[in-house]
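As structure tokens, the structure follows; a few thoughts come after it.
The values are calculated or read from the model by the stated rules, or taken from the named source; none is laboratory data. Since this is a predicted model, take the numbers as computed values, not measurements. Because the Cβ atoms are built from the backbone with ideal geometry, glycine has one as well, and the counts that use them run over all protein chains shown. SASA here: full protein model, heavy atoms, side chains in, ligands and nucleic acids out. Shrake-Rupley method; radii C 1.70, N 1.55, O 1.52, S 1.80 Å.
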Amino acid sequence: MPDLPPFRNEPVLELRRASERGTLTDALGELDARLPLRVPVWIGDDRRDGAELVSTDPAAPDRVVATAAIGTAAEAEQAVATARDALDSWSRTPAEERAHALVRAAGRLRIRRAELAALAVRECGKPWAEADADICEAIDFLEYYARGAIELDRGAALVQVPGERNALRYAPRGVTAVIAPWNFPLAIPLGMTAAALATGNTAVLKPAEQAPGCALALVEALREGGVPAGAIALLPGAGETGAALAAHRDVATIAFTGSGAVGLELMRTAATLPDGARQLTRVVAEMGGKNCVIVDADADLDDAVPAIAQSAFAYAGQKCSAASRILVHEAIADVLLERLGGAVGVLEVGPADTWGTDVPPVIEREAQERVERYARIAAAQGDVVAEATGPGGPGWYVPARVVADLPADSEVLRDEIFGPLLTVERVSGVEEACERVDALPFALTGGLFSRNPHVVEEVVRRTPVGNLYVNRAITGAMVGRQPFGGNRLSGTGTKAGGPGYLLQFVEPRVVTENTVRHGLVV
Ligand code: ADP
């Protein structure tokens, strides 16, 4: 089997080229002609179609993008049993062979790239550039973990002494339940699934109820790439399906990305050992954030303003890493507010499929209501500095808003809102900004704009976040370049797309052999 070339990130499309845009627009037309997609519960070779679950276009809620069967408790049981049966063969498959299956799956995604970007546009309201980045990241996860698993399979070096041979090997933990969110409908479910499969585990994917169509394409790619049918199951459904899956006693690892409440629920589930359990369930969780950007008095506002607008409003603030609080030095607060107000006031709020849309609708009605509720509180407590409104309906549109000078105890400054609402606070300096960041229970991403290397060093030392970005936007982590994940209540401290991530999916085994032999057994 040929060695894999070194990892490199999949290049995003150059969307300023008319030809690239044309390809994507054509793909959207072809996709629309096929809607709604039908997504089965898919366990081994059994497919059960159903239409209990309906996913719709956030920009046009009457457009049904996919109808899916909802995995029942019995099907969760069947999926785990099938994955357990497939474990022996898949875990014995050499790491290189598994890696090549994942790399072939990446090839399948490349072939379907335009179609899948169009699907992310339709099903999750991702503007084109975001949809394209999502599929590139999905490809990256396959390629990166394929290589990482080969490396991990070599074990780790231990101290050796005469007469003794020590080896550290990593074995798969077992069946992995992957419970995924909708905001990166390709990259996140596939990243968690690829990590499990690369290291020899089998997996059951429970995608978000808002994105079953995207998930089907992922499982198809994995199977077409050569992952055995029994090793990867698709179990669409909502929270109950995820709960039934996670509670199964043969689930060794739960890989989850989503809200803090559900993450904690899954940790409680994992800590409750059912009768007959023979293994502790590990939870790999990425949860919420409340991401702050510090702007010091010497910041270059030509950099800071567009980077902040991008970080807060791209994909309508629905990235885990999105900026939600700006902590600005009081000496430049008025200038920043004026310029940020100007930048945000001209953002285009509109459908994801329209070239030039900056802020698409939010994912669903519930999200629209939640963000508007916080916006009303913010408007009552502070100053609305900018508001970019879009089409009224029927999509789940929310204006992009900047609100300044909220009281320190406002829930708007505390809660994860997950929408296009950015707050700005004045601080006396970086010291006070760091204290406010440190007071938060979340620690996912953060940003700093400063020209002073001593200030940069001090903020690096003090900030608890998993990913700190200096003098740039705080979203857009790239696999292998910015391993991504938060600390504190933002997650279990793992780093997707980083060197240590695969260790979550394996158990270490040390073998020590006495090599001083006394005679031969014949
Ligand atoms: P969000 O609020 O962003 O939708 P959630 O945490 O609610 O985030 O959802 C993330 C994933 O967790 C989805 O696949 C969802 O269906 C699943 N989920 C929701 N509730 C539960 C639960 N009680 N047990 C297991 N999975 C759940």
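Values computed for the structure shown
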{"quantity": "Scan of the range 199-219 for residues that are under 28 Å from ALA129 (Cβ atoms) and touching a Phe, Trp or Tyr at 6+ places or on another chain (Cβ under 9 Å), ordered by number", "calculated": "PRO207, ALA208, GLU209, GLN210, ALA211, CYS214, LEU216, VAL219"}
{"quantity": "Candidate set from the range 485-510 (those that are outside any loop (DSSP other than H, G, I, E, B) and open to solvent by less than 40 Å² (accessible area, probe 1.4 Å)); member that is farthest from ASN166 (Cα to Cα)", "calculated": "GLY491"}
{"quantity": "The range 150-166 residues that are open to solvent by 70 Å² or more (accessible area, probe 1.4 Å), paired with ones that are among the hydroxyl-bearing types (Ser, Thr, Tyr) (beta carbon under 6 Å, 6 or more apart)", "calculated": "ARG165/THR515"}
{"quantity": "Residue match in the range 223-237 (condition: within 16 Å of the ligand (Cβ to nearest atom) and β-branched (Val, Ile, Thr))", "calculated": "no"}
{"quantity": "Strands (runs of 3 or more DSSP E) (entirely within the range 35-94) containing at least 2 residues that are of a type in the set (S, T, N, Q)", "calculated": "53-57"}
{"quantity": "Restricting the range 238-247 to residues that are open to solvent by 50 Å² or more (accessible area, probe 1.4 Å) and more than 7 Å from the ligand (Cβ to nearest atom), the residue that is modelled with the lowest pLDDT", "calculated": "ALA247"}
{"quantity": "Count - residues of the range 151-163 that are closer than 10 Å to ALA198 by Cβ and in contact with a Pro (Cβ under 9 Å, 6 or more places away or on another chain)", "calculated": "1"}
{"quantity": "Positions within the range 332-377 being part of a loop (DSSP other than H, G, I, E, B) and of a type in the set (Val, Ile, Thr), in sequence order", "calculated": "ILE332, VAL346, THR354, THR357, VAL362, ILE363"}
{"quantity": "Sole residue being assigned by TED's automatic domain parsing to the domain that holds ALA443 and either open to solvent by 10 Å² or more (accessible area, probe 1.4 Å) or within 19 Å of the chain's Cα centre (by Cα) (or both), chosen from ASP250, ASP296, ASP275", "calculated": "ASP296"}
{"quantity": "Members of the range 499-518 found to be without any contact (Cβ under 8 Å) to a residue 24 or more places away in the chain and closer than 19 Å to ALA95 by Cβ, listed by number", "calculated": "GLY500"}
{"quantity": "Hits in the range 433-466 (condition: assigned to a strand (DSSP E or B) and open to solvent by less than 10 Å² (accessible area, probe 1.4 Å))", "calculated": "ALA443, THR445, GLY446, GLY447, LEU448, PHE449"}
{"quantity": "Residue within the range 173-185 that is away from the ligand (no atom under 16 Å from the Cβ) and either touching a residue at least 40 places away in the same chain (Cβ under 8 Å) or polar (S, T, N, Q) (or both) present", "calculated": "yes"}
